[in-house]
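The block underneath contains the structure these notes are about, expressed in structure tokens.
The values are calculated or read from the model by the stated rules, or taken from the named source; none is laboratory data. Nothing here was measured: the structure is a model prediction, and the numbers come from that model. Don't worry about glycine lacking a Cβ; one is built from the backbone with ideal geometry, like all the others, and counts go over all protein chains shown. Heads up: the accessible areas ignore ligands, DNA and RNA and are worked out on the full protein's heavy atoms, side chains in. Shrake-Rupley method; radii C 1.70, N 1.55, O 1.52, S 1.80 Å.
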Amino acid sequence: TVNELKEQKILSGGFLRSTRVLQDTFNKDYFLQIDIREVAEIPLYASNGKLWSNHPEGTYEFIKGEDGNLTFRITDTQRFWSLTKYLIIEVS
């Protein structure tokens, strides 16, 4: 959630300031490590999601399942991970 991301110093801002991703002060231990060659879908277990990390357009999509929950699908793995090795998604 947005509150979790702010507590871990991954996002800053809100209310009167625009929300942004903090580049070097975030808690790197909060992230799960995955094999980016093998993981192409991530179930979000939420009905809404917003991508905060910087990834090329057209390399991912949010898919709504029959249960109303989203799955995040990476459609072009090589290009998707070309800008950053961190994936930040806010769920609500």
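Brief remarks on what is shown
- Loop-resident sites, segment 1-47, for chymotrypsin sites (Phe, Trp or Tyr not before Pro), counting at most 13 other Cβ within 10 Å (DSSP): F15, Y45
- In nm, spacing of pseudo-spin labels at F31 and N54 (7 Å Cα→C-beta vector): 1.4
- GluC sites (Glu not before Pro) within segment 21-92, DSSP loop, no more than 15 other Cβ atoms inside 10 Å: E38, E57, E66
- Net dipole in debye of the chain [+1 Lys, Arg Cβ; -1 Asp, Glu Cβ; about Cα centre; nearest 20]: 400
- Table column - 3J(HN,Hα) (Hz), segment 26-37, Karplus curve with 6.51, -1.76, 1.60, x for Gly and Pro: 6, 7, 5, 5, 6, 7, 8, 8, 10, 8, 5, 7
- Per-residue surface analysis assigns S82 an accessible area of about 80 Å², computed on protein heavy atoms at 1.4 Å probe radius.
- Heavy atoms of the protein chains alone define the surface here; on that basis the chain has 71 Å² accessible area per residue at 1.4 Å probe size.
- The chain, helix-only ellipticity at 222 nm - DSSP H runs n ≥ 4, -39,500 (n - 2.57), divided by all residues, nearest 500: -2000 deg cm²/dmol
- Computed in the context of the full set of protein chains, the accessible area of the chain at 1.4 Å probe radius has 48% of its extent on carbon or sulfur.
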